[in-house]
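Remarks on the structure that follows.
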Amino acid sequence: MKTKKYAWQQVVLHWLSAVVIIWATITGFYAAMFETTPEIKEWIGFFNVSLTTVFIPFFILRVYYLLKLGKPHEGKNTSPAVPPTGCICCSTSTLPWY
């Protein structure tokens, strides 16, 4: 039985998403949790907002490919990336929206 794989476009967009999300998470928590100068906090905030705003079309493209090409059905997902992804989702869902 041949296993269906993700298209290369889906893989590239996934890893682009991962890099943006990991960057924004790490630098955002750094600015929030550590003593830094106001200039660094302002730069991190400005850069992260700009980066994630520019990223919106890539996210829309990723959703488009998901709807067009679908998702492979390989049974139970035992990827080692599942727990860290869940942690990132939980931590970002607790952040204030202001």
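Readers should treat all values here as calculations from the given coordinates under stated rules, not as data from a laboratory. It should be emphasised that the depicted structure is a prediction, and the values quoted were computed from it without experimental measurement. Cβ placement follows ideal geometry from the backbone for every residue including glycine, while neighbour counts extend to all protein chains displayed.
As a calculated quantity, the FRET efficiency between L69 and V19 at R0 = 22 Å, using C-beta atoms, amounts to about 0.55. Relative to the current alpha-carbon distance between L51 and E35, full extension at 0.36 nm per residue lengthens the span by 3.4 nm. Ranked for footprinting exposure by Cβ neighbours inside 10 Å, fewest first, F29, F55 give F29, F55.
Computed 3J(HN,Hα) for segment 21-34, one whole-Hz value per residue from the Karplus formula 6.51 cos²θ - 1.76 cosθ + 1.60 where θ = phi - 60°, is 5, 5, 4, 5, 5, 5, 5, x, 5, 4, 5, 7, 9, 10, glycine and proline marked x. Going from the fewest other Cβ atoms within 10 Å to the most, the residues Y65, Y30 appear in the order Y30, Y65. The GluC sites (Glu not before Pro) of segment 1-65 meeting both criteria, a DSSP state outside H, G, I, E and B (loop) and at most 13 other C-beta atoms within 10 angstrom of the site's C-beta, are E35.
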